[in-house]
Structure formats: structure tokens, C-alpha cells
Amino acid sequence: MEYRNLIGGDWFACGTGRANVNPSDVTDIIGHAAQAGEGELDAAIAAAHAAAPLWAASTPQQRFDALDFTGAELLARKEELGRLLSREEGKTLAEGIGEVARAGQIFKFFAGEALRQTGDRLASVRPGVEVEVTRTPVGVVGLITPWNFPIAIPAWKIAPALAHGNAVVLKPADLVPGCAHALVEILSCAGLPAGVVNLVMGRGSEIGPRLVSDARVDAISFTGSVPTGRGIAAACGAAMKKVQLEMGGKNPMVVLDDADLDLAVAACLNGAFFSTGQRCTASSRLIVTEGVHDRFVAALTAAMRDLPVGDALDPATQMGPVVDARQLEQNLDYVEIARAEGGTVTGGERLVLDKDGFYMAPALITETTPDMRINREEVFGPVASVLRVRDYDEALAVANDTEFGLSAGICSTSLKHASHFKANARAGMVMVNLPTAGVDYHVPFGGTKGSSYGAREQGTYAAEFYTTVKTAYTLP
Ligand SMILES: NC(=O)C1=CN([C@@H]2O[C@H](COP(=O)(O)OP(=O)(O)OC[C@H]3O[C@@H](n4cnc5c(N)ncnc54)[C@H](OP(=O)(O)O)[C@@H]3O)[C@@H](O)[C@H]2O)C=CC1
Ligand SMILES: O=C(O)CCC(=O)C(=O)O
């Protein structure tokens, strides 16, 4: 399969195609992706810039139709596209199909948002004057997306951008061109004017900074690593350009003595290891009070041993491979760092299976302290640590002792502690008796502190980023 770039409504096979490798089996080359250079990027931005006024003038019905069509198509093809997703990213088939369905629901939700454009008409403080407050499109939005949710994250950026009347240039992660291509191919049949949606695949370090700094691009929405995000924020700040960043997490999951132990173990197993731990919402710090600590560790260790690791496309697999060799090395390095810091390691070894892929066993690091690197830095793999604490107050203090603030969870049957945690956990999302990862598609997503910057993504709150508020005064 050859993945081409979509520029101004035409498909271009630019540059030498980059191989799209299956992380479950590196002998399986799924396709080759076009690599855009400066010229192709420039053409894509020019196309979006020319098309933006057309789409800004579209009716709510036109926007609804395009988004509803895309959502319906994704839902109808979720098995086929879920298979592609699992094959190129490595999450299990059930997770891959689930993610495509989620992308479909996101488009359906924003189809509805296109019809629900709101505004205010108010009386002026001056006699006879009318005031109207409306939302107008931002213009051209550059979307830079990561590899860990290769269809849902592009969906939750493209869908609100289009619903609110913007044109986009999508730069997906290098490792997952197949899903981006499939999504944009569907959008190219959705009745949008040429140039409203453009796809440029190519090295992020080369074309990314150009996309961010181009004066014709009015706003940037980014999800990925902290260092890349910081660079983008600095460039957008200097250009006084609107920017939205979703970055890392070091998400705490508090387990109190009074928790339902089975529920807590299931929530931590899911939060820490599902999707191979490659979620910015992953539960990477398990903070457990001393009365339940040993029973919790024993039960979670047993559950980890029963988690089949293997080829993402094998229906028996519950944890697929790591996305690539570099990420696998990073994960294994962190396991060794934790051991050297004095942590006790269970699992975390590289696995050699019949297929030549990037496999490792899930890792649990016990007997850790808050100052260890394993409790401060994001690993982005199936590696979780356990911190033993005296009581709820210490648990909350440890949970908040991080530079990140994306998601925070608590497992407890105490309404008092759950309510206090919801109010006092310094995170954008709080979960009670649920994994820190796995969020709904119709409500805001985002964090505090070093995890996020700018307006929230998703739900009705997405309007904040994808529109500019205009206040009009009329003397009739
Ligand atoms: N919070 C999250 O959801 C995610 C966090 N991460 C974290 O980041 C680490 C590294 O992952 P990685 O994929 O390399 O993350 P990056 O931040 O490097 O990549 C994210 C996106 O940004 C692009 N990009 C890279 N460099 C630039 C640049 N200078 N300017 C603009 N865009 C750029 C990438 O393109 P390209 O792919 O072509 O390099 C990709 O599309 C992981 O180990 C993990 O810790 C990673 C993914 C998601
Ligand atoms: O947990 C989720 O459902 C979403 C996580 C996510 O968006 C991410 O890891 O980038």
C-alpha cells in the first residue's frame, strides 16, 4: 500500500516512501508513506489558506453532512480499520476496533456540534444599541498528532476544527501513516471543498517547525512529548499564535484500605498496562495505603502474570508489543534505572516470541519512594511503580507531588475521601473507582501543570480553541 499526501484535493506521492513496520512482526511491511518536504508543506498550507474562507462560509447543514458521513463510514468500517490500527501501532485488536469506533462517535458528536452553533444577543448598557457575541472560525489550523492513538487523536482535532468552520493541515506521527491516510481518504469523499483538509506526512523535526512558524497558519493543536510541546509553545508565543498542547502524564492511582480489592486490581491492571501502557493517561504511580499494600501487590502481580502478551492481531492477546525499538529500549532502560534506585522489579524483561516484534513483559516496581526517577519521569510503556503510604492524607500529597497533572484516580468505598480527592487532586481529570485512562468522547479532555497548555480539547469545550469570539455593536 502506498500512502500519499493530500494537498488541495489531489493526492501526491512525494519523496521516497518510508516503510510502515508492524511492531508485532517486523518482517511485515504494511505500506510506504510519502515524505513531504518544504515544497509540499508550502503547497498544503497555501491550499488550506485558500479554502478556509469557503469553509468558514459553509452552512451548518454542509458541516453536519461532511462530519456525519465521516462518522458513519468509520463506524461501518471499524473492523477493517481497527485491524490496520492494531497492525501498525500494536494495540490489541479489541482496542484497535474500539478506537476506530470512538473516532466515528467523535465525528458524529461534532456533526451535532455543527448544528448547535451558539451565540448571545444582549442589551447594551447604552440606550438603543444592540450587542451580539458570536464565534467565528480561527482560519487555518495545523494539527500535529502522536502515534499512540493514531485515529482517535486526529479525529478529535479534525472534527471540531471542521465543525467550527476551519481548514486544516494534518501532520500525523511518522510511525502510523496508515490510519491518518485512511481517515483523510474518507474525509476526501465527504463533500468538503478541496483544500479544507490536507495531509502532509514527513519527518516532524523537519516539516513540524515550518508548519508551526508559517504565518498563514493561525493556530496549532499538538499532542506528543513534553520537549516537542515546549518548543512549539515557544514558537507560537513568539508569533502570538493560538496554541493547544497535550503532553505527558505521571498519573497517580490511589488505593485505600477500604477499596474493593478486585475492582482496584482490575482498574490498575487496565490503567497501567492496557494499550501497552502507551497512554498519556496511564496509571504509572500506584499509591497504596499500608493496610492493603501487600494484598494489593500480590493480587496485581498475579493478574499481570495472567496477561497474555503477543501479536496484536491474535485474539488471545491482551497486551500487544511496544510501538518501536526506540520506545522498547527506553522502557527497558527505565526498568533498570528503577532497579538501580532500589526498587524491587517484577516482570519488565524483553520477551522473545515466535514473531520478531518489540515485546516486553509488564513491569511492576515496588518499594519505591516519591523522589526516584521512576516516580517523576514519564516512561510511556507498561511500567508502573507502587508507593506505600500511611493514610489518605499522605496518599493525596504524594499524588500531587508531580510536575504533571493530567489524570488522577482513587479506589475507595469512602464517599468522604472520594469527594475530597475529586476536589483536591491537582489534575484535569479525576476518576473514582475507574482506571485513570479511557475517557468519554463527549466531554472535555486535558490536564493541569506540565501536562497541558491552552484550551481544553473535546466536547462542547473544543469551541474555545477552534473559534474566536467576536463582539458586535449595532445602532439600528
Ligand atoms: N502524551 C502523549 O499522548 C504522547 C507522549 N509521547 C511521549 O513522547 C515520547 C517520544 O515520542 P515521539 O513520538 O517521538 O513524540 P514527539 O513529541 O516527538 O512526536 C509527536 C508529534 O510531533 C511531531 N514532531 C516531532 N518533532 C517536531 C518538531 N520539532 N516540531 C513539530 N512537530 C514535531 C512528530 O512527528 P514525527 O513522528 O514525524 O517525529 C509527531 O507527529 C514518548 O516516549 C512519550 O514519552 C509520545 C506520544 C504521545
Ligand atoms: O485514555 C484515553 O482514553 C486517552 C488517552 C490519550 O489521549 C493519550 O494517551 O494521548
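Please list, ordered by first then second residue, the pairs with beta carbon atoms under 6 Å, 6 or more apart or interchain, first in the stretch 51-77 and in the same structural domain as residue 160 (by TED's automatic domain parsing), second of a type in the set (D, E, K, R) and open to solvent by less than 80 Å² (accessible area, probe 1.4 Å).
What qualifies is 71/108.
Of the conditions (1) assigned to a helix (DSSP H, G or I); (2) surrounded by fewer than 24 Cβ atoms within 10 Å (Cβ to Cβ); (3) not hydroxyl-bearing (Ser, Thr, Tyr), residue 110 fails just one. Which one is it?
(2)
Is it true that some residue in the stretch 113-121 is of a type outside the set (Ser, Thr, Tyr), outside any loop (DSSP other than H, G, I, E, B), in contact (Cβ under 8 Å) with a residue 60 or more places away in the chain and within 16 Å of ligand 2 (Cβ to nearest atom)?
Looking through the stretch 113-121, none of the residues is of a type outside the set (Ser, Thr, Tyr), outside any loop (DSSP other than H, G, I, E, B), in contact (Cβ under 8 Å) with a residue 60 or more places away in the chain and within 16 Å of ligand 2 (Cβ to nearest atom).
Taking the stretch 150-173 only, how many residues are crowded, with 24+ Cβ neighbours inside 10 Å and within 16 Å of residue 204 (Cβ to Cβ)?
Of the residues in that region, 8 qualify.
Working only within the stretch 405-462, note down all residues that are hydrophobic (A, V, I, L, M, F, W, C) and farther than 18 Å from residue 393 by Cα.
Matches in the stretch 405-462: 406, 429, 434, 437, 439, 443, 445, 455, 462.
Of (1) out of contact with any Asp or Glu (no Cβ under 7 Å at 6 or more places or on another chain); (2) assigned to a strand (DSSP E or B), residue 426 satisfies all except one. Which?
(2)
For residue 381, all conditions in the list (1) part of a loop (DSSP other than H, G, I, E, B); (2) open to solvent by 20 Å² or more (accessible area, probe 1.4 Å) hold save one; what is the number of the exception?
Of the numbered conditions (1) part of a loop (DSSP other than H, G, I, E, B); (2) open to solvent by 20 Å² or more (accessible area, probe 1.4 Å), the odd one out for residue 381 is (2).
Can you pull out the residues in the stretch 183-203 that are within 16 Å of ligand 1 (Cβ to nearest atom) and surrounded by 19 or more Cβ atoms within 10 Å (Cβ to Cβ)?
Passing the criteria: 183, 184, 198, 199, 200, 201, 202.
Going through 344, 366 one at a time, which residue ends up being crowded, with 16+ Cβ neighbours inside 10 Å and among the hydroxyl-bearing types (Ser, Thr, Tyr)?
So the residue among 344, 366 that is crowded, with 16+ Cβ neighbours inside 10 Å and among the hydroxyl-bearing types (Ser, Thr, Tyr) is 366.
Could we say that residue 93 is over 20 Å from residue 110 (Cα atoms) and open to solvent by 30 Å² or more (accessible area, probe 1.4 Å) here?
Judged against the criteria, residue 93 is a match.
Got at least one residue in the stretch 127-138 being charged (D, E, K, R), surrounded by fewer than 22 Cβ atoms within 10 Å (Cβ to Cβ) and farther than 24 Å from residue 221 by Cβ?
Yes: the stretch 127-138 contains one or more residues that are charged (D, E, K, R), surrounded by fewer than 22 Cβ atoms within 10 Å (Cβ to Cβ) and farther than 24 Å from residue 221 by Cβ.
So that you can scan it fast, the table gives a plain yes or no per residue for (1) in contact with a Gly (Cβ under 7 Å, 6 or more places away or on another chain); (2) within 26 Å of residue 223 (Cβ to Cβ); (3) open to solvent by less than 10 Å² (accessible area, probe 1.4 Å):
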| position | (1), (2), (3) |
| --- | --- |
| 269 | no, yes, no |
| 276 | yes, yes, yes |
| 299 | no, no, no |
| 325 | no, yes, no |
| 339 | no, no, no |
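Which residue is farthest from residue 344 (Cα to Cα), if the candidates are limited to the stretch 278-297 and must be in a helix (DSSP H, G or I) and open to solvent by 10 Å² or more (accessible area, probe 1.4 Å)?
So the residue we want is 291.
Restricting to the stretch 391-447, what's the tally of residues that are open to solvent by less than 30 Å² (accessible area, probe 1.4 Å) and polar (S, T, N, Q)?
Counting residues in the stretch 391-447 that are open to solvent by less than 30 Å² (accessible area, probe 1.4 Å) and polar (S, T, N, Q) gives 5.
The values are calculated or read from the model by the stated rules, or taken from the named source; none is laboratory data. No experiment lies behind these values; they were computed from the predicted model shown. Glycine gets a Cβ as well: all are built from the backbone with ideal geometry, and neighbour counts include every protein chain shown. What goes into the accessible areas is simple: the full protein's heavy atoms, side chains included, and nothing from ligands, DNA or RNA. Shrake-Rupley method; radii C 1.70, N 1.55, O 1.52, S 1.80 Å.
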